[in-house]
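Below: the structure, in structure tokens.
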Amino acid sequence: IAAHLAGMLWQVVFVQELLTIGTLIITAILLLSVSMFTRVKAALSTEEYNSLLTIPFSLYFGWLTVAYISNASVWLLSEGWYGSPLARQHWTVAVIFAVAALALFISLRYKDWIYPLVVLWAYLGRYVNNIYEHYRIAANAMAAAISLAIFIVSYLTWQYLHDNHQAQHKLLKK
């Protein structure tokens, strides 16, 4: 409930362009989503719950990660920071790959393919948004999206084969 109330407050604050307060609120929401995500994953590993239960939490956590990066970037620009000593484009590319690495880490750590899928979707949007004006950013966003897509397909393939192998092993034991 706290995350949803904070989300409503963030929308009002963001529309009013109170960026510092908005960044603090979205930071709190992100931390709440991390807590929800990890708790659901922990419950899933100890109890016999359907794994589909985690999808909304993965989507929410992924979306908030992307929203937080966007919000923090807008806030930094509003504060007059343009990436010194690096150019803004270099920072953007660095953040693209840092978030992709984070998505891979979270996926592997929590056995979750939805979170990186949200990041992939955001990178496709970044590509479309920048293809004509900022080709370097668009190309790097597409490279990260392709890397995440390859990872997700590989992960799902491995998971399918692993689950089938375990099912066959159980049948042989009987």
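The values are calculated or read from the model by the stated rules, or taken from the named source; none is laboratory data. These numbers were taken from a predicted model, which means no experiment stands behind them. In this analysis, Cβ positions are derived from the backbone assuming ideal geometry, glycine residues included, and neighbour counts consider all displayed protein chains. We work out accessible area using only protein heavy atoms, side chains counted, and drop any ligands, DNA or RNA first. Shrake-Rupley method; radii C 1.70, N 1.55, O 1.52, S 1.80 Å.
Computed from the Kirkwood radius of its Cα pairs, the Stokes-Einstein diffusion coefficient for segment 74-155 at 37 °C and 0.692 mPa s stands at 246 µm²/s. Across segment 55-71, rounded Karplus estimates of 3J(HN,Hα) from the backbone phi angles (6.51 cos²θ - 1.76 cosθ + 1.60, θ = phi - 60°) give 4, x, 6, 5, 4, 5, 4, x, 4, 5, 4, 5, 5, 4, 4, 5, 4 Hz, Gly and Pro being marked x.
Remark: segment 97-105, residue by residue, has Karplus-estimated 3J(HN,Hα) of 6, 5, 5, 4, 5, 4, 4, 5, 4 Hz, where x stands for each Gly or Pro and the curve is 6.51 cos²θ - 1.76 cosθ + 1.60 at θ = phi - 60°. Computed across segment 12-91, the Kirkwood hydrodynamic radius from all distinct Cα-Cα pairs reaches 14.5 Å.
Note on the chain: GNM, Cα springs under 10 Å; of 27, 46, 157, the largest mean-square fluctuation is that of 46.
Heavy atoms only, probe 1.4 angstrom, no DNA, RNA or ligands counted: give me 90, 4 ranked by accessible area, highest first.
Values: 90 95, 4 120 Å².
Greatest to least solvent exposure: 4, 90.
For segment 81-154, state which trypsin sites (Lys or Arg not before Pro) are in a DSSP loop and have at most 16 other beta carbons lying within 10 Å of their beta carbon. Sparse-neighbourhood loop trypsin sites (Lys or Arg not before Pro): 111. With θ taken as phi - 60° and the Karplus curve 6.51 cos²θ - 1.76 cosθ + 1.60 applied, the whole-hertz 3J(HN,Hα) list for segment 114-128 is 6, 3, x, 5, 5, 5, 4, 4, 5, 5, 5, x, 4, 4, 4 Hz, x standing for glycine and proline.
Let me know the whole percent of all Cα-Cα pairs from the chain that are separated by more than 27 Å. Beyond 27 Å sits 37 percent of the P(r) for the chain. Please check the chain for the longest run free of chymotrypsin sites (Phe, Trp or Tyr not before Pro) that are loop-located per DSSP (anything but H, G, I, E, B) and have at most 11 other Cβ atoms within 10 Å. Answer from the scan: 1-81.
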